[in-house]
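The values are calculated or read from the model by the stated rules, or taken from the named source; none is laboratory data. The structure displayed is predicted, hence computed values, not measured ones. Please note: Cβ atoms are built from the backbone with ideal geometry, for glycine as well, and neighbour counts cover all protein chains shown.
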Amino acid sequence: MIAGLIGGAGIAGLACWAGYHTMSPTSQLYGQTFVGLGPGSRLLALTYDDGPNDPYTWRMMEVLERHGVKATFFLIGQYVQQTPEIARALVAAGHAIGSHTWSHPNLIFAPATEVRRQLAQTRQAIFDATGVETKIFRPPFGGRRTATLRTVRAFGLQSVMWNVTCYDWKAKSADEIVAHAERQIRGGDVILLHDGSHVRMGANRSRSVEASDRILRRYRGEGFEFVTIPEMMEMQQVAVSN
Ligand SMILES: [Zn+2]
């Protein structure tokens, strides 16, 4: 009976552990994903998910412009189709763009055919709007499995996670968002923020805009340099080959 209980708890524990890893942003259990450079680096990367989002993507671009910083935007395909001018403006301003699927499903529950459809439609929408063939991808909700990541790689996309979660989708103030960032930033980090929402276009992201301004002011003041994800990935390759 005791052995049975322990065995049962063990299996339940394992299932929980596996479930945790499918959503944990830094876990490598289901295949290699990019999560930053690690402590010691003076580089930081701001990443924004769930746009384009009118007008908050424009406001975010104004803040980044003011600081002379380029960031990375993971775009939802159907929003790109609705507002191609925002996607074009991001590219024109020198920001990096990546795919965040067509309609933001949790890919853990999606069969391979659906994953491929999500990726293909988004690639086409981004290409039609910007002429860019994007090379990077972020899974909605951070959810992925080995099979998902294999499908993503077969599409010529590299999966990018993050290691600083700012919880801006539920924060009540910019203060809260900045506090989450400050607790986690060590250098070499990929910071997750949102310029949009997968729930609807036009979602209020003014707190994320203000928080970005303050994060930039503080960490640029401390001598950190903000780069895009492709730039950070290049640095990692240089470090590995040395
Ligand atoms: Zn998202």
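Of the residues that sit in region 181-204 and are more than 21 Å from residue 96 (Cβ to Cβ) and not in a loop (DSSP other than H, G, I, E, B), which one is nearest to the ligand (Cβ to nearest atom)?
Among those residues, the one meeting the criterion is 184.
Any idea which residue in region 142-171 is surrounded by the fewest Cβ atoms within 10 Å (Cβ to Cβ), counting only those that are of a type in the set (A, V, I, L, M), over 13 Å from the mean Cα position of the chain (by Cα) and in a loop (DSSP other than H, G, I, E, B)? It would help to see each step written out before you state the result.
Initial filter on region 142-171 (of a type in the set (A, V, I, L, M)): 147, 149, 152, 154, 157, 160-161, 164, 171.
Okay, now just the ones that are also over 13 Å from the mean Cα position of the chain (by Cα), so 147, 149, 152, 154, 157, 171.
Within this subset, residues satisfying the condition of being in a loop (DSSP other than H, G, I, E, B) are 157, 171.
Values: 157: 20, 171: 17.
Looking at the filtered set, the residue picked out is 171.
Quick one: what pairs do we get from region 56-75, first residue in contact (Cβ under 8 Å) with a residue 24 or more places away in the chain, second charged (D, E, K, R), C-beta under 6 Å, 6+ apart or different chains?
Going by the 6 Å Cβ cut-off, the qualifying pairs are 56/195; 56/205; 57/195; 60/195; 63/213; 74/49; 74/138.
Kindly indicate which of 72, 33 is closer than 20 Å to residue 187 by Cβ, surrounded by fewer than 24 Cβ atoms within 10 Å (Cβ to Cβ), within 19 Å of the chain's Cα centre (by Cα) and within 16 Å of the ligand (Cβ to nearest atom). I'd like the intermediate steps shown before the answer.
Details: 72 fails: surrounded by fewer than 24 Cβ atoms within 10 Å (Cβ to Cβ).
Only one candidate passes the filter, namely 33.
Quickly run through region 221-242 and pick out the residues that are of a type in the set (D, E, K, R), closer than 23 Å to residue 132 by Cα and at pLDDT 95 or above.
Going residue by residue through region 221-242, those that are of a type in the set (D, E, K, R) are 222, 225, 231, 234.
With the extra rule that they be closer than 23 Å to residue 132 by Cα, the set shrinks to 231, 234.
Listed by number, the list holds a single entry, 231.
Counting just the residues of region 48-76 that are among the hydrophobic types (A, V, I, L, M, F, W, C) and in a strand (DSSP E or B), which one comes out farthest from residue 163 (Cα to Cα)?
75
Please count how many residues of region 172-197 are in contact with a Ser or Thr (Cβ under 8 Å, 6 or more places away or on another chain), under 20 Å from residue 141 (Cβ atoms) and surrounded by fewer than 22 Cβ atoms within 10 Å (Cβ to Cβ).
Total satisfying the criteria: 2.
Check residue 57 against each of (1) touching an Asp or Glu at 6+ places or on another chain (Cβ under 8 Å); (2) among the hydroxyl-bearing types (Ser, Thr, Tyr); (3) under 20 Å from residue 189 (Cβ atoms) and name the one condition it does not meet.
Result: residue 57 passes all but (3).
On the basis of being at pLDDT 95 or above, farther than 17 Å from residue 25 by Cα, assigned to a loop (DSSP other than H, G, I, E, B) and within 13 Å of the ligand (Cβ to nearest atom), does residue 102 make the cut?
Numbers: at pLDDT 95 or above: yes; farther than 17 Å from residue 25 by Cα: yes; assigned to a loop (DSSP other than H, G, I, E, B): yes; within 13 Å of the ligand (Cβ to nearest atom): yes.
Yes.
Tally up the residues in region 109-139 that are in a helix (DSSP H, G or I), among the aromatic types (Phe, Trp, Tyr) and within 16 Å of the ligand (Cβ to nearest atom), please.
Counting residues in region 109-139 that are in a helix (DSSP H, G or I), among the aromatic types (Phe, Trp, Tyr) and within 16 Å of the ligand (Cβ to nearest atom) gives 1.
Is region 198-210 home to any residue that is of a type in the set (Val, Ile, Thr), without any contact (Cβ under 8 Å) to a residue 60 or more places away in the chain and within 25 Å of residue 140 (Cβ to Cβ)? Talk me through it step by step, then tell me what you get.
Applying the first criterion (of a type in the set (Val, Ile, Thr)) to region 198-210 yields 199, 209.
Still in the list and also without any contact (Cβ under 8 Å) to a residue 60 or more places away in the chain: 199.
When the remaining residues are screened for being within 25 Å of residue 140 (Cβ to Cβ), the result is 199.
Yes, region 198-210 has at least one match.
Cβ-Cβ under 8 Å, sequence separation 6+ or interchain: first residue in region 92-106 and at positive phi, partner assigned to a loop (DSSP other than H, G, I, E, B) and of a type in the set (A, V, I, L, M). Which pairs?
So the pair list comes out as 101/76; 104/76.
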